[in-house]
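The values are calculated or read from the model by the stated rules, or taken from the named source; none is laboratory data. These numbers were taken from a predicted model, which means no experiment stands behind them. Cβ sites come from the backbone with ideal geometry, for glycine too, and all protein chains shown count toward neighbours. We work out accessible area using only protein heavy atoms, side chains counted, and drop any ligands, DNA or RNA first. Shrake-Rupley method; radii C 1.70, N 1.55, O 1.52, S 1.80 Å.
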Amino acid sequence: MHPNQACVYRGLASMQPACQFDHMDKYRVAAETRRPNTRDRPPPVTRKKTAAPVADKRTAVLHAALGLFSRYGLHGTSVDQVAARAGVSKSNLLYYFVNKEELYVCVLRDLLQVWLAPLREFSAEQDPQRVIGDYIRRKLAVSRDSPDASRLFCLEIIQGAPLLRDELGRELRDLVEQKSAVIRAWVDAGRLAPVDPQHLLFMLWATTQHYADFAVQVEALTGQTLANPAFFEQTVANVQAVVLRGVAPR
């Protein structure tokens, strides 16, 4: 090899590693720039990622069951129908609820809580006219927003409440006795006309739930439903006027 050629060869050989390093270093820097720094991230919490879907599935099943039970009843509804409507598998549904009867009772219990929530707020210290008027509005809002719930509860009662009788005999009975005592206190203080508390509650329930249970009849006669804001307000005003004038102290 010519001496000059050897120098050139050695020079190129000594330059090659530096060139390779500079070339790879640019890609490494670019890659690190694109790559997120996972060391600064908190570790993922698997439970939080799965909690929402689990709750969503259970809610979807309850919602689907409510729609079907309120229309076809317990015996006219199958687990397969509920699963299909909820968008889950049958085995997935049975993971949350052992059988159809348990699902049905869970739906009814949830409805009972929604139904009783406005009544829980009665207290002797409050103004009875305001409390009863607000109760009427809230019960009509439930009939407007959850008509299926009202119809299912009505259907269960008409059938003799075979799966809800224990709940009625405990929680509902206890709450009615407590709030009946509040109404009696209003009567004794001269803040309400002499009325029987239980009959007053029965009338309030019947009147407000009529607009859900007999919504087809209401629409056939008036051409309106509670979904119409103007008709809703008209209904609230008329029911309040009839009831509040009837219980006003003489």
**Q.** Test: residue in region 163-172 that is modelled with pLDDT of 95 or more and not in a loop (DSSP other than H, G, I, E, B)
**A.** no
Q) How many residues, within region 212-238, are open to solvent by 30 Å² or more (accessible area, probe 1.4 Å) and either over 20 Å from residue 70 (Cβ atoms) or β-branched (Val, Ile, Thr) (or both)? A) 13
Q: Being open to solvent by 40 Å² or more (accessible area, probe 1.4 Å) and in a loop (DSSP other than H, G, I, E, B) is the filter here, so list the residues in region 174-211 that pass it.
A: 189, 190, 191, 194, 195, 196
Q.
Restricting to region 142-170, give me the number of residues that are charged (D, E, K, R) and over 23 Å from the mean Cα position of the chain (by Cα).
A. 3
Q: Quick one: which residue in 145, 134, 127 is farther than 23 Å from residue 185 by Cα, modelled with pLDDT of 90 or more and open to solvent by 20 Å² or more (accessible area, probe 1.4 Å)?
A: 145
Q: Could you please tell me which pairs satisfy a Cβ distance under 6 Å, a separation of 6+ or placement on different chains, a first residue in region 225-250 that is under 28 Å from residue 194 (Cα atoms), and a second residue that is part of a loop (DSSP other than H, G, I, E, B)?
A: 247/192; 247/193; 247/195; 249/190; 249/193; 250/193
Q) Looking at (1) open to solvent by 30 Å² or more (accessible area, probe 1.4 Å); (2) farther than 24 Å from residue 147 by Cα; (3) modelled with pLDDT of 85 or more, which is the one condition that is false for residue 75? A) (2)
(Q) Looking at region 155-173 only, could you name the residues that are open to solvent by less than 80 Å² (accessible area, probe 1.4 Å) and either within 25 Å of residue 229 (Cβ to Cβ) or of a type in the set (D, E, K, R) (or both)? (A) 156, 167, 171
Q: Just name the residue that is nearest to residue 68 (Cα to Cα) out of those in region 82-93 that are in contact with a Leu (Cβ under 9 Å, 6 or more places away or on another chain) and buried (at least 17 other Cβ atoms within 10 Å of the Cβ).
A: 82
(Q) Looking only at region 115-133, filter to residues that are touching a residue at least 40 places away in the same chain (Cβ under 8 Å) and under 26 Å from the mean Cα position of the chain (by Cα); which one of those is farthest from residue 146 (Cα to Cα)? (A) 122
**Q.** region 145-157 residues that are in a helix (DSSP H, G or I), paired with ones that are among the aromatic types (Phe, Trp, Tyr) (beta carbon under 6 Å, 6 or more apart)
**A.** 152/69
Q) So residue 82 clears everything in (1) at pLDDT 95 or above; (2) touching a Ser or Thr at 6+ places or on another chain (Cβ under 7 Å) except one condition, right? Which one? A) (2)
